[in-house]
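J.: Quick one: this structure, given as structure tokens, is what I'll be asking you about.
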Amino acid sequence: MPDAALLIIDMQSALLDDAYQAGSCLRRVAGLAERCRFAGVPIVYLRQRLHDLPAARTDVDIHPALAPRPGDVVLDKDSADSFLDTGLGDLLQELAVRQVIVTGFATEYCVDSTSRSLLSRGYDLVLVSDGHTTPERPLGAAPSAAQVIAHHNTTFSDIQYAGRSITVTPAAQIRFDAARAS
């Protein structure tokens, strides 16, 4: 079994209402998830508890395009850092994961916080450059959603964590060999 795991962070219908290019992001992540399942790579969904939504909202679960399947793990969280009080660290350790493939919502919050946290905990990172999104901004707002995503992809392409491997790559270019994603 590969020593990698795929994280799908906060890809919930209620959060994706105004996300930048949500449909294409969902399709890419869904395709990557299928390839992970075929390669035996575990998939972990992180689901933000949405305490501040009106009670009438029923779309707080993971978007149907990415619905978890038997064998996938779903962890609920209350923080931008997916490791904080979720059991994610214990799960990855139990699965003997060394490399974490990160996708999700929102780029500058949960995707960023989780990526930095996993690097600090000793994991290698594969950030799926076209597999994370953020809320659309009003016309003319700076930075735009596209700029936020580009900024984070560039930052993680250049950032250094001693002894860690960091790869930023599109979903279609991720390949699985017997041991790792590349």
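The values are calculated or read from the model by the stated rules, or taken from the named source; none is laboratory data. All values derive from a computational prediction rather than experimental measurement. Here the Cβ is made from the backbone with ideal geometry for all residues, glycine too, and neighbour counts use every protein chain on show.
J.: Does Leu53 count as closer than 14 Å to Phe176 by Cα and either at pLDDT below 90 or touching a Pro at 6+ places or on another chain (Cβ under 8 Å) (or both)? Spell out how you get there, then give the answer.
T.: Values: closer than 14 Å to Phe176 by Cα: no; either at pLDDT below 90 or touching a Pro at 6+ places or on another chain (Cβ under 8 Å) (or both): yes.
It is false that Leu53 is closer than 14 Å to Phe176 by Cα and either at pLDDT below 90 or touching a Pro at 6+ places or on another chain (Cβ under 8 Å) (or both).
J.: Here is a further query. Applying the selection to the range 97-117, what residues are among the β-branched types (Val, Ile, Thr) and within 12 Å of the chain's Cα centre (by Cα)? So that I can check it myself, show each step before the final result.
T.: Initial filter on the range 97-117 (among the β-branched types (Val, Ile, Thr)): 97, 100-103, 107, 111, 114.
Val100, Ile101, Val102, Thr103, Thr107, Val111, Thr114 - these are the residues of the range 97-117 that are among the β-branched types (Val, Ile, Thr) and within 12 Å of the chain's Cα centre (by Cα).
J.: Here are some residues: Ser157, Ser120, Ser129. Which one is modelled with pLDDT of 95 or more and within 14 Å of the chain's Cα centre (by Cα)?
T.: Step by step, each of Ser157, Ser120, Ser129 is checked, and only Ser129 is modelled with pLDDT of 95 or more and within 14 Å of the chain's Cα centre (by Cα).
J.: Another question, then. Give me the pairs, please: first residue somewhere in the range 18-37 and closer than 30 Å to Asp177 by Cβ, second residue anywhere and surrounded by fewer than 14 Cβ atoms within 10 Å (Cβ to Cβ) and of a type outside the set (Ser, Thr, Tyr), beta-carbon distance under 8 Å, and either six or more positions apart or on two chains.
T.: Listed by first residue and then by second, the contacts come to Arg28/Pro170; Arg28/Ala172; Gly31/Ala172; Arg37/Arg69; Arg37/Gly71.
J.: Follow-up. Strands (runs of 3 or more DSSP E) wholly in the range 82-182 with at least 3 residues that are over 18 Å from Pro2 (Cβ atoms) and of a type outside the set (D, E, K, R) - which ones? Explain how you work it out, then say what you get.
T.: Values: elements: 99-105, 124-133, 166-169.
Of the strands (runs of 3 or more DSSP E) lying wholly inside the range 82-182, those with at least 3 residues that are over 18 Å from Pro2 (Cβ atoms) and of a type outside the set (D, E, K, R) span 124-133.
J.: Can you work out which of the residues in the range 16-27 that are under 14 Å from the mean Cα position of the chain (by Cα) and either at pLDDT below 95 or within 12 Å of Gly104 (Cβ to Cβ) (or both) is surrounded by the most Cβ atoms within 10 Å (Cβ to Cβ)? Give the derivation first.
T.: If we filter the range 16-27 for residues that are under 14 Å from the mean Cα position of the chain (by Cα), which is where we start, we get 16, 22, 25-27.
Narrowing further to those that are either at pLDDT below 95 or within 12 Å of Gly104 (Cβ to Cβ) (or both): 16, 22, 25-26.
Working: Leu16: 22, Ala22: 20, Cys25: 26, Leu26: 21.
Among residues in the range 16-27 that are under 14 Å from the mean Cα position of the chain (by Cα) and either at pLDDT below 95 or within 12 Å of Gly104 (Cβ to Cβ) (or both), the one surrounded by the most Cβ atoms within 10 Å (Cβ to Cβ) is Cys25.
J.: Hey, among Val102, Val60, Val74, which residue is surrounded by 14 or more Cβ atoms within 10 Å (Cβ to Cβ) and modelled with pLDDT of 95 or more? Step through it out loud before you land on a result.
T.: Details: Val60 fails: modelled with pLDDT of 95 or more; Val74 fails: surrounded by 14 or more Cβ atoms within 10 Å (Cβ to Cβ).
Just a single option satisfies the conditions, and that option is Val102.
J.: Let me ask you something else. Could you please find all residues in the range 29-41 being closer than 13 Å to Ala5 by Cα and buried (at least 21 other Cβ atoms within 10 Å of the Cβ)?
T.: Leu32, Ala33, Cys36, Val41
J.: Which one is surrounded by the most Cβ atoms within 10 Å (Cβ to Cβ) among residues in the range 85-96 that are over 14 Å from the mean Cα position of the chain (by Cα) and in contact (Cβ under 8 Å) with a residue 12 or more places away in the chain? Steps first, please.
T.: From the range 85-96, those over 14 Å from the mean Cα position of the chain (by Cα) are 85-87, 89-96; that's our starting set.
Those left that are additionally in contact (Cβ under 8 Å) with a residue 12 or more places away in the chain: 86-87, 89, 91-92, 95-96.
On the way: Thr86: 18, Gly87: 13, Gly89: 16, Leu91: 15, Leu92: 23, Leu95: 17, Ala96: 10.
Looking at residues that are over 14 Å from the mean Cα position of the chain (by Cα) and in contact (Cβ under 8 Å) with a residue 12 or more places away in the chain, I get Leu92.
J.: Next up: For the range 81-120, how many residues meet the condition of being of a type in the set (D, E, K, R) and within 23 Å of Gly40 (Cα to Cα)?
T.: To start, the set of residues in the range 81-120 that are of a type in the set (D, E, K, R) comprises 81, 85, 90, 94, 98, 108, 112, 116.
Still in the running and within 23 Å of Gly40 (Cα to Cα): 90, 94, 98.
Result for the range 81-120: 3.
J.: Please work out which one of (1) more than 22 Å from Thr107 (Cβ to Cβ); (2) modelled with pLDDT under 95 is the condition Gln48 fails and give its number.
T.: Every condition holds for Gln48 apart from (1).
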